[in-house]
Structure formats: C-alpha cells, structure tokens
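Chemist: Right, I'll just put the structure down here and ask away after.
The values are calculated or read from the model by the stated rules, or taken from the named source; none is laboratory data. This is a predicted model, so every value here is computed, not measured. When we count neighbours, we look across all protein chains shown, and the Cβ atoms used for this are built from the backbone with ideal geometry, even at glycine. What goes into the accessible areas is simple: the full protein's heavy atoms, side chains included, and nothing from ligands, DNA or RNA. Shrake-Rupley method; radii C 1.70, N 1.55, O 1.52, S 1.80 Å.
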Amino acid sequence: MRFRSVVAAVIGAAGLGLAAGPEASAHVLVENMKGRAGYNEMFTLIVPHGCGSSPTTELRMKVPPELSQVIPEAPAGWNVQVLKRKVDKPVMRSGRPVTEVVDEIVWSGNSLPSEHLGLFRFMAGVPNTPDKVLYFKTIQKCAEGESRWVDTVPDTEEIWRVWLKDYPSPYAVVIAPDAPQLGVDMKTLAKADAEMKAKAKPQ
Ligand SMILES: [Cu+2]
C-alpha cells in the first residue's frame, strides 16, 4: 500500500487532475520540483489532500536560506505571514547587505477540504548554484492532527530517494537555465543602459 500511495499521490499532484484518495497519506510538494538558477522563479506549493480526511487549516513552510526576495501570494480566504530571522553575518540581497532574511511563510485562517486541491504560490530569487537541492520543509496543520513534511536525504544520495521517506519534505532542485531570465545577462543590460543614458545626456 505504502509505495503505491506515494506514486498515486505524486502523479495526482503533478497531474493536478487526479487527487489521491483520502486514505492515502497526505503529501505536499513543490510543482515541477525545479528552480532555474539566477531566476526570480514562481513556485507553487501543492497540497493534494489533508491529514487523512481532515481539512488543512494552516501551512508553515520553512524558506531555504539561499533564497532571496521571497514574496508569497495569499490565496482567496487565506492569511499569509512572512516571518523573518536575523542573520549573524549580513548577506547580500539585491546588491545590498541585509541582516534579516525570510525564515518562514505561514498560510492560515481558512480550511481546505481534504478532497480539494490547494495551491500556495510564492516568488523567490533562486541562487546561482545548479544541482543544489532546496528543501521547503512544511508543517501541515489540520482540523485534526498535523503532518510534518520534513524528511530529507543527504546531498550524497539521489534526491528521488526522499520519496522512500515517511514524510518527504517538498523540494526543488536548482537547474541551469537555457537563457538568462530577461533574455540578456545583467552585465550586458547594465552596459546598454549606461550607453542609453549617455546618449540621452544633452551635449
Ligand atoms: Cu499524498
């Protein structure tokens, strides 16, 4: 039962069409499980069902420290909170040092029936670290009980082995993109911008 329910759940969630039955253990995952290096990427946390048949009332998602500019969406009827934490050493974000980073995103204040699909989106800056696995450990609180999707595998193991765990953490693997997000690298863009401004200056 166990292995088949994992496969059914993943196929259900990935296909977004097939919601796995309430008897399958609940899974939360990141759509596509990928993030393009250097992109401001749109991520979707997929909640294909609750804790057994109990509806989901809160999602608390840990944000990988490598991500920058994390901006969540509040689906209709849900509250969203961005919890921050102080960092010992300032880190660069958007070209300037910051001493606080986003730590968790909390969606709450609503009830998602177990037989309905929930999509919780956020945008985030993906680090330029291809092949890095970013874990989005998530605590799914339900009207009755909770599911802690926090199991991971060591970097030395293939990521797909996380599906052999009881409560696999949602994750996304950083991949090398085909092209820069804006279709041009930032250096070339900055140079063109400087040229444009120089031309515009009254002689
Ligand atoms: Cu599941």
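Chemist: Roll a 1.4 Å probe over the protein heavy atoms and report the accessible area of residue 155 in Å², nearest 10.
Modeler: Residue 155 has an accessible surface of roughly 130 Å² with all protein chains in place.
Chemist: Under 10 Å, Cα contacts only: if you run a Gaussian network model on the chain, which one of 189, 134, 164 comes out with the highest mean-square fluctuation?
Modeler: 189
Chemist: Per 5 Å bin from zero, what fraction in whole % of the C-alpha pairs of segment 25-65 is there, up to the bin with the longest pair?
Modeler: In whole percents, the pair-distance histogram is 5, 18, 26, 22, 14, 9, 5, 2.
Chemist: Right, something else. Which lysines does residue 199 reach when only Cα atoms under 18 Å apart count, and residues fewer than 8 places away in its own chain are ignored?
Modeler: 191
Chemist: May I ask which residue of 28, 181, 171 lies farthest towards the positive end of the charge dipole of segment 3-200, with charges of +1 (Lys, Arg) and -1 (Asp, Glu) on Cβ and the Cα centre as origin?
Modeler: Result: 181.
Chemist: For the peptides 170-177, 95-102, what is the packing order when you average, over each peptide's residues, the other Cβ atoms within 10 Å and list the highest mean first?
Modeler: Top of the packing list down: 170-177, 95-102.
Chemist: Per residue, how large is the accessible surface of the chain? Use a 1.4 angstrom probe and give square angstrom.
Modeler: Per residue, the chain has an accessible area of 57 Å².
Chemist: Pick out, from 198, 42, 124, the residue whose Cα sits farthest towards the positive end of the charge dipole of the chain, with +1 on the Cβ of Lys and Arg and -1 on the Cβ of Asp and Glu.
Modeler: Most positive-ward Cα: 198.
Chemist: For helix 2-15, report the angle its Cα long axis makes with the longest principal axis of the Cα atoms of the chain; keep it between 0 and 90° and round to the nearest 10°.
Modeler: 40 degrees
Chemist: Hey, which lysines would be in cross-link range of residue 89, C-alpha to C-alpha under 17 Å, not counting anything within fewer than 8 residues on its own chain?
Modeler: none
Chemist: If you don't mind, there's one more thing I want to ask. So, with a 1.4 angstrom probe, what is the percent of accessible area on segment 3-200 that is carbon and sulfur?
Modeler: Carbon plus sulfur share of accessible area: 55 percent.
Chemist: Translational diffusion coefficient, Stokes-Einstein: compute it for the chain using the Kirkwood radius over C-alpha pairs as Rh, at 25 °C and 0.890 mPa s, and state it as an integer in µm² s⁻¹.
Modeler: For the chosen part, D equals 133 µm²/s.
Chemist: Past 18 Å, Cα to Cα: identify those pairs from 34/86; 62/86; 34/84; 34/132; 84/141; 34/137, in the order given.
Modeler: In this structure, 34/86; 34/84; 84/141 exceed 18 Å between Cα atoms.
Chemist: May I pose another question? Based on the Cβ-Cβ distance from residue 178 to residue 100, what FRET efficiency comes out when R0 is 41 Å, to the nearest 0.05?
Modeler: The computed FRET efficiency comes out at 0.75.
Chemist: Please build a GNM for the chain, connecting alpha carbons under 10 Å apart, and tell me which residue among 87, 162, 47 fluctuates the most.
Modeler: Per the Cα network of the chain with a 10 Å cutoff, 87 tops the list.
Chemist: Something else now. Which length gain, in nm to one decimal place, applies between residue 185 and residue 40 when the Cα-Cα distance is subtracted from 0.36 nm times their residue separation?
Modeler: 50.8 nm
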